[in-house]
Structures are given as structure tokens and as C-alpha cells.
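Some notes on the structure that comes next.
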Amino acid sequence: MSTMSREETEALIQEVLEVYPEEAQKNRAQHLAVNDNSVEQSKKCITSNKKSVPGAMTIRGCAYAGSKGVVWGPIKDMIHISHGPVGCGQYSRAGRRNYYIGTTGVNTFVTMNFTSDFQEKDIVFGGDKKLDKLIDEIDMLFPLNKGITVQSECPIGLIGDDIEAVSKKKARDLGKTVVPVRCEGFRGVSQSLGHHIANDSVRDWVLSARDEDTSFETTPYDVAVIGDYNIGGDAWASRTLLEEMGLRVVAQWSGDGTLAEIELTPKVKLNLVHCYRSMNYISRHMEEKYGIPWMEYNFFGPTKIAESLRKIASFFDDSIKEGAEKVIAKYQAEMDAVIARFRPRLEGKTVMLYVGGLRPRHTIGAYEDLGMEVIGTGYEFGHNDDYDRTIKEMGNSTLLYDDVTGYEFEEFVKRMKPDLIGSGIKEKYIFQKMGIPFRQMHSWDYSGPYHGYDGFAIFARDMDMTLNNPCWNAIQVPWKKKADEEESLQAAEV
């Protein structure tokens, strides 16, 4: 149930597009749509995964961000070299709150920055020798590392460094896994291609390492959790539920993940994919090569958690199905108490989302559990298969926006006046200055976890704490201030 009719939403889109030149209008019109639940394929109403309009501010990341920042970076016992100038590595270091267990600098390295620190002479003469020396130094200084990845930055692709040859040589020299990743930032239209490239590097350089190993004892209940990056401890909260229902989590990656877990994944009975956008590629590969089925699950909010637990259990025998029902029943009273406490304070409030990965659709059910309505959502780097999944989750006639520009998002917010916005750090302070409650939904605004039953209690508390904070009463938003001034002026004239 949208707060605007289909005609009103369509008129809003046309109004916002009017500021653009004609060619830009045609381009952006393809990326803005009114949701239609009757549509089976989103490509009939919205276009995605295309280049951003030059000159229009986009909030996307690059291919390097998709590989190093998302897929490979959280693997904790490997060292990930940012091969190129220092800036990319430093900017991508320790920003995502990928929690992990271990001793940083000894056997875990997630929050450290390893870079080849390219200078002008490296651009001219190449960086292969420097990379070779760097890998030797890393292995000497951090001997407990289990492997190394080489994450290419833009200059590497431009000058043609042969990172594959160096990686093969160092793997032989050290007797460890060394993975070259061609994730130069300029590749593709967003960080989405970086996910795909990283998945392919897992496939080509890691996944088959234990194909002939028969020493690992499997069980009928082995699963892998893929695409949960353990933001604020999310993967731990999810893993608890899976183990409580009787499953054995053999591998969990990338968040708090290890190289050994990736290598063991082909031995599981089911791959559980949380972030479909970043990990569907490797899951499809394992289905084709190893015959391992996979499913996307959603552990945001009790309604979606129960649906997902039952769907996961359907792949196994009655003991797991009974285990799933016991888990759901165990937490029911706790969830009822959370909803009873927070729903009266949040009922009827509206939300607009604009995030990456899975959050623009996965969190909808959690908001609905609290009586809130998502009236607009969109992806920074989504594909049409993401929108295929979203159109059924969203209310009819609600607003969809792909790769929304800063201008468009602001104008939509001004007109639709949501009670809460969930987006990224680039948007946070803009909307807070506009007097609108905001949650940073990439890294949970330094809170979390939000996954699982434990996470829902924190999610509900955070939404209430943000939306009902008295500070917003002290801020006069720009459009209200202007309206008040006009009203005062009219009164004075009378």
C-alpha cells in the first residue's frame, strides 16, 4: 500500500527528469519506475547494470571495491595486496566492520593495508619485480598467513603488469596459494563486475584445491554460508540458528572466513547464499561442477527468518525440519515482545532505501514486521535479477530507482517526505541536515548485528532510537522553513 498513487508516482518521476538535457532524460527515465506486482520480469519496467550518466553524481563503487572490499577482503587468514598507488588500499581498509576472530597482524589481517605503493617510476617501468619482492617480504614478516591475493588497481591494467605470472612463480616458491585478481577499478560499470571477477578467481585458483582430498569427514547436514560479510557480527547470529536446527556449517565466507573454508565448500550438501548479487556466480559454478544446490535466504526480521529456515530445512530430512520448527518456536516469545515494544512507536512510518547488495529488498520484511512501509527502494549496482526479486516484495505503485543520482534522490525525498531513510555514508549527512532521520545501512551505523533473531531486536531498537529521537524536533527542514516564511509574508500582507 503506497502513500502515492501510480499516477502521482509517474508524475513525480517526470517532474524530476525535467531538469536534465533531452538525452540524459531518455537515459535516466529507463532507470526510474513505478512498481508493478503483476510484472514477472523487471526488465519490462526498469533498466539496470548500465553505465552512469557522465556528469551526474553516482554513488557506485568500482570493480576493485567489489573484489577487495567485498569478496576477498574479509577472508581473514590471507593477505590481500592492493597492487597500485596507496590510496585505494587505504580507503578500503577497515571501513566495513567485517568482524573476525583472531590476532591482527599475527594470524588475521583483515584491517591491515598491504600495498605496492606505486610511484611514477613504477608506472613507467612496471611493477612486476616490485610485486615479487613485496610477496617475499610479506611472507617473511607474517609467516602465519595462509595465502595472498593480488588486487589490481587501475594502473595495473593500463600498463600491463603480468600479475598472473608473478603469482604462479611465488606460489611455487612459497608453497602457498597466491591469487591474481584482475579487478582494476575501470572494469565494468560498477563494483558488481568486481564481485564477478573475484568469484572467477576463487573458481580458477582456489576452489579445486581439495577435490582429491578424502580425509575430510562429511555429514549429511553440511552447509556453507556464502555472501555474509559479518557486518557487526551478522554471520555469527545467522550461524547460531543454522547450528541450532541441526546443520553443520562447514564454511562461512567471506566474513570471518578462511582459505581452508573456501577449499572445503565443494564438499557441502547445500550452499546458503545471503548476498545474491556478490556470490551467485560461484554458487552457480559449484552447482554445475559439484552438483551442490544453492538457495538465497533472508534472515532479516522474524517473518523472513521463519520462511528461510523452513525453506532451508526442506533440503534435508525430518530431523532438520523438526529442528527448524523448534528454533522458530524458541524465539517466538522474544520476537513477540520486541514487536510489542517497538511496533506501537513505529506503526505507519514510511521508509526509503537506497543501498547495495541485498539490503534494498531483504530488509523490507523486517520493516514490515514493525508496521513500517517501504515506499521507495533501489540498488547502487543491482542487475535485473535483483529487481525481479524486489518487485514482489514492494507495494504496488511504490517507487523504484536504479543508480539514482544525488539530485534525483534528494528530489524524491523532498516530495515523498519519508519518516526514515536507509542508505550509505555518502548520503547520510545530506539527509540529516535536511532534518530527516537516517540509518547508514551499509555497515549498520556502527551497530549490529541485524541478521537473525538477536539481530532483529537490535534492528528494532535502532530504528526507534533514530526515528523517535527528539533532536529532529529542533531541526527545521529547508522546504518547511520556506513554506513558513511564505505563510508569514502572506499574513503580513493581509
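A few notes on this one:
- Taken one residue at a time, the phi angles of the range 388-398 give Karplus couplings (6.51, -1.76, 1.60, θ = phi - 60°) of 4, 6, 7, 4, 7, 7, 8, x, 5, 6, 6 Hz. Gly and Pro are set to x.
- Cα gyration tensor shape for the range 45-158, rounded if a/c is under 1.5, else prolate or oblate: oblate
- For the chain, the share of DSSP beta bridges that are antiparallel, to the nearest 5, is 10%.
- Unit charges on C-beta of K, R, D, E only; dipole of the chain, Debye: 560 debye
- With every protein chain in place, the range 341-494: carbon and sulfur % of accessible area (1.4 Å): 50 percent
- A cut-off of 5 Å between modelled amide H atoms, ignoring neighbours fewer than 5 places along the same chain, links Lys349 with Glu373.
- Simple label model, 7 Å out from Cα along Cβ direction - Glu347 to Tyr91, nm: 4.6 nm
- Accessible surface, the range 195-264, averaged per residue in Å² (probe 1.4 Å): 34 Å²
- Solvent-accessible area per residue for the range 31-179 (1.4 angstrom probe, square angstrom): 46 Å²
- In this simple spin-label model, placing a label point 7 Å from the Cα along the Cα-to-Cβ direction at both Ser5 and Asp162 gives a separation of 6.8 nm.
- Listed residue (Ala11, Trp294, Val179) projecting farthest to the positive dipole end of the chain, Cβ model: Val179
- Long pairs among Lys51/Lys169; Lys44/Lys428; Lys146/Lys168, criterion Cα-Cα beyond 25 Å: Lys51/Lys169; Lys44/Lys428
- Under 5 Å between amide hydrogens, built in the peptide plane, is the criterion, and for Phe381 it picks out Gly357 among residues at least 5 positions away or on other chains.
- Projecting label points 7 angstrom from Cα along Cα→Cβ for Ile430 and Lys44 puts them 3.3 nm apart.
- Virtual paramagnetic centre 7 Å along Cα→Cβ of Leu174, amide N under 15 Å, in the range 251-284: 259-260
- Among the protein heavy atoms of the range 25-166, carbon and sulfur supply 57% of the accessible surface, probe 1.4 Å, non-protein parts ignored.
- Calculated from backbone phi, Karplus (6.51, -1.76, 1.60) coupling profile of the range 365-370 in Hz, x at Gly/Pro: x, 5, 5, 5, 4, 9
- For the range 159-221 and the range 382-444, distance of Cα centres in Å: 34 Å
- Of the solvent-accessible surface of the range 240-302, computed with a 1.4 Å probe over protein heavy atoms with every protein chain present, carbon and sulfur atoms account for 48 percent.
- ³J(HN,Hα), Karplus 6.51/-1.76/1.60, whole Hz, each residue of the range 87-97, x for Gly, Pro: x, 4, x, 5, 5, 8, 8, 6, x, 9, 6
- 5 angstrom amide H check on Asp228, placed H, neighbours 5+ away: Trp253, Ser254, Gly255, His274, Cys275
The values are calculated or read from the model by the stated rules, or taken from the named source; none is laboratory data. For clarity, every value in this text was computed on a predicted model and none was experimentally measured. Backbone-built Cβ (ideal geometry, glycine too); neighbour counts: all protein chains shown. Each accessible area value is taken on the protein alone, full model and side chains, heavy atoms only, with ligands, DNA and RNA left out. Shrake-Rupley method; radii C 1.70, N 1.55, O 1.52, S 1.80 Å.
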